[in-house]
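What follows is a short report on a single structure.
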Amino acid sequence: MNKLICIILLIACSVCLAAYDKANPGSGKKHFVYKHVVFIGVDGLGAYHLNTDTPNIDRLFTEGGASTCRAETVKPTISGENWASILTGVLPYYHKVGNSNIGGRAYTMGDKYPTVFRLVANAFPGAVMGSFLDWPPLNTGLVDDDLNIVKFSTSCDKEADVCARAEEFIRENKPVFTFVYFGNTDHMGDSKGYCNEPYYEAMRAMDGYVGRVIAAVEDAGMADDTLILLTTDHGGVPGSGHGTNTDGEKYVFFGVRGKTVIRGSDLGHIYTRDLPAVVCYALGIKGNPLWDAYLPDGLFEEYPKPRARKGEQKPEKHMAVPTPAADSEKGLYRFIDRSKLRCAFGFDGSLEPMAGTYKAEFTGDEKYGDGMFGKALWVNSKNFVSVPELTFGMDSFTVAMWLYAADYGVNQPVIFGNKDWRSGYNTGFVLASLGAFKFNLGNGSDSRCDYSYWMPYDFPGRWTHVILAADREKGVVRAYINFEEVGADTLSAPLKGVSFDSGLPFTIGCDGSRKTISSMDFLADDLLVFDGAFGAEEAARLGEYYGN
């Protein structure tokens, strides 16, 4: 019996290996395994190379390889979040890397969501790899430190140095995997605006460096055994910046060139985070079963029909139900300590409070939509609601609220807070949006804190509940998203004795100054403010009230 089982298992394994070696039986071709992969990353490229002269990109990828201008980035269209997704194959919610933390620490999620560098190292222990770039945070906060990776970092005005070091490395080492990153295109877009002459001038210079990197591959005698990829983290808004979800920001170029790449193939709508799947297939190594990276359809001659991408699950549309009476069997008071509730606003078609004596004031055009319970209030930086008499001082407190947004907004928009957000050092606090929920507190001079709490993978586009709890006795700020704790941060010594007040009103949709240009359109529902800091039990009980 055991012998029979072993035979069956051997046959099954042979079938699996054959399926991998000959990915598509109809193609009649075996899986060609490359010895080298060179990945060229261009920050802020979008698909705007079509608007200027980029002969190397055109020759190598558009004409001589497979490509698309419909590769979709992750949200938000910000560098840290996107480069991490490109190198790990997962969404920011999982890798937890963003602009706010990428330069301050090494990558912490590598065991579960390894970078493509680590996947290569796992398959080829001791393999020589390289990472050459002009945005140092990538090398310090994402590219692994404990592997055999030659790193070079410099500033964005020294792309020529990046190119020269990469050329030399490729010629001398014939590495298995090389990452070459050019960032001046994004620098020009951020400082001068996208789609203007300074931006295109930087792009043309970058194209020259791309040609030199490819020439180094050819000089090293690696061309027949090398797969070359080029993509970007985001595009931009002409004349402006990036960070939102317009087509010009989220749809970008993705090009692949190699011996078995189908020349002239249009890859159509793919995702930039598919890159690790392409790299691993090309090198014949195992990928990460937890990633969301897929081999694009029509890329390789021997694999024109890879496994289909799972359809993205869109959240079911929430159907608002009437707000139950607070003291009814299903009402709010059964799930909270009523004595600690300072104020509550349901925004059920008016600004009348559900509890407490605080008054709310609206600025702009007061509009309502369907809420989590009953109605909800539309807010942004021009249409916002304030509770002028609500103060916090040195006391512990909790703020809880539902919000629904269609996008992340621009310029770190305020969800709620009471400070002048034009500087994070100003007194007071905010909870803002930056691809993550961001808590900031300042002392008015030289101290501030900035803590990020990762948004659910399906935000924006779904009702999301946030709780911010400040425990002043312990000097700890906790955040709960959808009633689960996502962060507990200890205030630094200069901030432990600082008042959370600023002299400006607590406001939803705008900062306390009402002058910020940051904005996010969202629905706000059920603002609850409590004395004392919530713990996990109180958060869970509130979740029960909402049927969580």
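The values are calculated or read from the model by the stated rules, or taken from the named source; none is laboratory data. Just so it is clear, the structure is predicted and the values come from calculations on it, not from any experiment. Quick reminder, even Gly has a Cβ in these numbers, built from the backbone with ideal geometry, and neighbours come from all protein chains shown.
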Those residues of region 370-398 which are closer than 13 Å to Asp526 by Cα and not hydrophobic (A, V, I, L, M, F, W, C) amount to Asp370, Gly371, Gly374, Lys375
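Every residue, every condition in (1) aromatic (Phe, Trp, Tyr); (2) surrounded by fewer than 20 Cβ atoms within 10 Å (Cβ to Cβ); (3) over 23 Å from Gly241 (Cα atoms), yes or no:
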| residue | (1), (2), (3) |
| --- | --- |
| Gly369 | no, yes, yes |
| Leu377 | no, no, yes |
| Leu390 | no, no, yes |
| Asp395 | no, yes, yes |
| Ala400 | no, no, yes |
| Leu403 | no, no, yes |
| Ala406 | no, yes, no |
| Val410 | no, yes, no |
| Val414 | no, no, no |
Specify which of the listed residues (Phe392, Phe459) is assigned to a loop (DSSP other than H, G, I, E, B), under 24 Å from the mean Cα position of the chain (by Cα) and not acidic (Asp, Glu).
Phe459
Taking the condition crowded, with 20+ Cβ neighbours inside 10 Å and part of a strand (DSSP E or B), does Ser502 pass?
no
Go through Val486, Val477 for me and flag whichever is modelled with pLDDT of 90 or more, out of contact with any helix residue (DSSP H, G or I) (no Cβ under 9 Å at 6 or more places or on another chain) and either at positive phi or not in a helix (DSSP H, G or I) (or both).
Val477
Quick check: anything in region 69-84 more than 16 Å from the chain's Cα centre (by Cα), closer than 18 Å to Gly255 by Cα and not hydrophobic (A, V, I, L, M, F, W, C)?
yes
Could you run through region 153-187 and say how many residues are assigned to a helix (DSSP H, G or I), surrounded by 24 or more Cβ atoms within 10 Å (Cβ to Cβ) and either of a type in the set (A, V, I, L, M) or outside the structural domain of Met222 (by TED's automatic domain parsing) (or both)?
3
Taking the stated definitions as given, is Arg70 in the same structural domain as Ile214 (by TED's automatic domain parsing), part of a strand (DSSP E or B) and modelled with pLDDT of 90 or more?
yes
Condition first: surrounded by 24 or more Cβ atoms within 10 Å (Cβ to Cβ) and at pLDDT 95 or above. Now tell me which residues in region 240-256 satisfy that.
Val252, Phe253, Phe254, Gly255, Val256
Evaluate region 336-349: report whether one residue or more is in the same structural domain as Ile481 (by TED's automatic domain parsing), under 31 Å from the mean Cα position of the chain (by Cα) and part of a strand (DSSP E or B).
no
